[in-house]
1. Restricting to the range 178-213, name every residue that is buried (at least 16 other Cβ atoms within 10 Å of the Cβ) and not in a helix (DSSP H, G or I).
2. Can you pull out every residue in the range 1-57 that is part of a loop (DSSP other than H, G, I, E, B) and either in contact with a helix residue (DSSP H, G or I) (Cβ under 6 Å, 6 or more places away or on another chain) or closer than 24 Å to residue 100 by Cα (or both)?
3. Whether any residue in the range 68-75 is touching a strand residue (DSSP E or B) at 6+ places or on another chain (Cβ under 7 Å), outside any helix (DSSP H, G or I) and either assigned by TED's automatic domain parsing to the domain that holds residue 101 or in contact (Cβ under 8 Å) with a residue 40 or more places away in the chain (or both) is what I want to check.
4. Of all residues in the range 58-67, how many are in a loop (DSSP other than H, G, I, E, B) and farther than 18 Å from residue 12 by Cα?
5. Please go through the range 214-238 and give me each residue that is assigned to a loop (DSSP other than H, G, I, E, B) and modelled with pLDDT of 55 or more, ordered by number.
6. Taking the options 162, 172, 176, name whichever one is within 22 Å of the chain's Cα centre (by Cα), modelled with pLDDT under 95 and either over 16 Å from residue 114 (Cα atoms) or assigned by TED's automatic domain parsing to the domain that holds residue 13 (or both).
7. State all residues of the range 1-22 that are at pLDDT 90 or above and surrounded by fewer than 21 Cβ atoms within 10 Å (Cβ to Cβ); if no residue qualifies, say none.
């Protein structure tokens with residue numbers, strides 16, 4: 001299910017006219033027309049139109065990002081059909097959930113136990129990165145033309161195996177709780193050992209990556225996936 005609300009790189013919650021149009025079940029161009037009819041209202045100050053490229057041949061789509069206040073005001077301009085009221089309730093709930101999650105993250109990052117766990121994870125991740133660097137050189141020597149992608153691919157592989165991630169975040173590890181930080185630290189160690197064993201046994205680099213992935217997936221299956229609320233518009237971090 002697509003999230004109704006996302007967070008930008010500055011941790012500001014927003015939705016879009018595209019999401020609103022889908023939620024209230026009317027054409028997006030009608031939502032745009034309604035908004036732009038009232039664009040001079042102070043609620044819509046500083047709005048900038050955005051462009052979504054067409055996936056195939058076709059015209060790009062114009063749309064707006066909206067804050068909670070802007071989205072709520074826009075919906076009040078619509079007729080109060082049941083679908084509109086239902087969507088408004090869902091949207092308000094989602095903005096509230098997002099704000100509560102941000103508050104949790106901010107509080108968590110001042111907790112000394114969490115800070116110590118986060119720092120321990122950074123040490124393990126740096127050790128893993130050192131092994132990945134050796135693995136990248138190893139793969140390059142075996143003919144890989146894109147071995148440098150393994151830094152990102154391994155991070156994505158671990159995150160996908162261990163967590164149900166709703167959105168993207170600059171650094172996923174900064175929003176994880178204590179238990180999940182410990183889990184990811186263990187996964188980093190599992191990957192390091194798998195890469196090291198594979199290189200020591202002189203396996204093909206593709207088989208070594210497969211070995212690391214299989215071991216992480218076994219670990220994840222035993223543990224179970226955790227749902228993670230993360231932030232939009234950025235790439236997953238590596239440290």
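The values are calculated or read from the model by the stated rules, or taken from the named source; none is laboratory data. Being a predicted model, the structure only gives us computed values, none of them experimental. Ideal geometry is used to build each Cβ from the backbone, glycine not excepted, and the neighbour counts take in all protein chains shown.
1. Listed by number, the list holds a single entry, 203.
2. Going residue by residue through the range 1-57, those that are part of a loop (DSSP other than H, G, I, E, B) are 1-5, 8-12, 25-27, 38-41, 45-48, 53-57.
Scanning the range 1-57 gives 1, 2, 3, 4, 5, 8, 9, 10, 11, 12, 25.
3. Within the range 68-75, the first condition is being touching a strand residue (DSSP E or B) at 6+ places or on another chain (Cβ under 7 Å), and the residues that meet it are 68, 71, 74.
Cutting the leftovers down to outside any helix (DSSP H, G or I) gives us none.
No: zero hits.
4. If we filter the range 58-67 for residues that are in a loop (DSSP other than H, G, I, E, B), which is where we start, we get 58-60, 67.
Now drop any that are not farther than 18 Å from residue 12 by Cα, which leaves 58-60.
Result for the range 58-67: 3.
5. Applying the first criterion (assigned to a loop (DSSP other than H, G, I, E, B)) to the range 214-238 yields 224-225, 229-238.
Passing the criteria: 224, 225, 229.
6. Values: 172 fails: either over 16 Å from residue 114 (Cα atoms) or assigned by TED's automatic domain parsing to the domain that holds residue 13 (or both); 176 fails: either over 16 Å from residue 114 (Cα atoms) or assigned by TED's automatic domain parsing to the domain that holds residue 13 (or both).
After ruling out the rest, the residue left standing is 162.
7. Of everything in the range 1-22, those that are at pLDDT 90 or above and surrounded by fewer than 21 Cβ atoms within 10 Å (Cβ to Cβ) turn out to be 14, 16, 18, 21, 22.
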